[in-house]
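Below: one structure, written as structure tokens.
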């Protein structure tokens, strides 16, 4: 059953591959129903995978194989709150090492161009620290990082 509100993500032709990767990588994720095109369409043929229902960390999504017309951009991203460096490393490395790209400040892109923010909870807490000087130091440290280094953020918190 389709959720009342579902995020629709446009892929060139790899929605099922992407959904399977997300299901294998992120907790509380799965691939649901795969719908095949009942007729030829501008970027595909009858019987091709048209859409895929999937869940990413509890969020219902629909992958649409619509062709190369609309690429992903940083205007949309999944932000994943991590609890420790091991989880941060595992998720970041899974995305980047599967044809993705590193970016800055905890951001990376998967091989389909979808952006991910792998954000340790300690970073979020540090940037919201009640002491503006501590928050500033944490923010400035983050600005120098690709993948977030929790030990460096914790050192900033200690002064």
Subject >> Square roots of five times the Cα gyration tensor eigenvalues for the range 1-67, Å >> reply: 21, 12, 9
Subject >> Tilt relative to the chain, helix 132-142 - C-alpha long axis, 0 to 90 degrees, to 10 >> reply: 50 degrees
Subject >> Longest to shortest principal axis, alpha-carbon extents of the range 72-159, angstrom >> reply: 39, 26, 19
Original post:
Taking the Cα-to-Cβ direction at residue 48 and at residue 30 and moving 7 Å from each Cα, how far apart do the two end points lie in nm?
Top reply: 2.9 nm
Subject >> Separation of alpha-carbon centers, the range 14-70 and the range 90-159, rounded to whole Å >> reply: 29 Å
**OP:** Using a 10 angstrom cutoff on alpha carbons, build the Gaussian network for the chain and name the most mobile of 42, 60, 120.
**Re:** 42
**OP:** With everything on Cα atoms, drop me the angle between helix 85-96 and the longest principal axis of the chain, reported from 0 to 90° to the nearest 10.
**Re:** 40 degrees
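No lab work stands behind these numbers, since they all come straight from the coordinates. Please read all numbers here as calculations on a predicted model, not as lab measurements. Neighbour counts run over all protein chains shown; Cβ positions are idealised from the backbone, glycine included.
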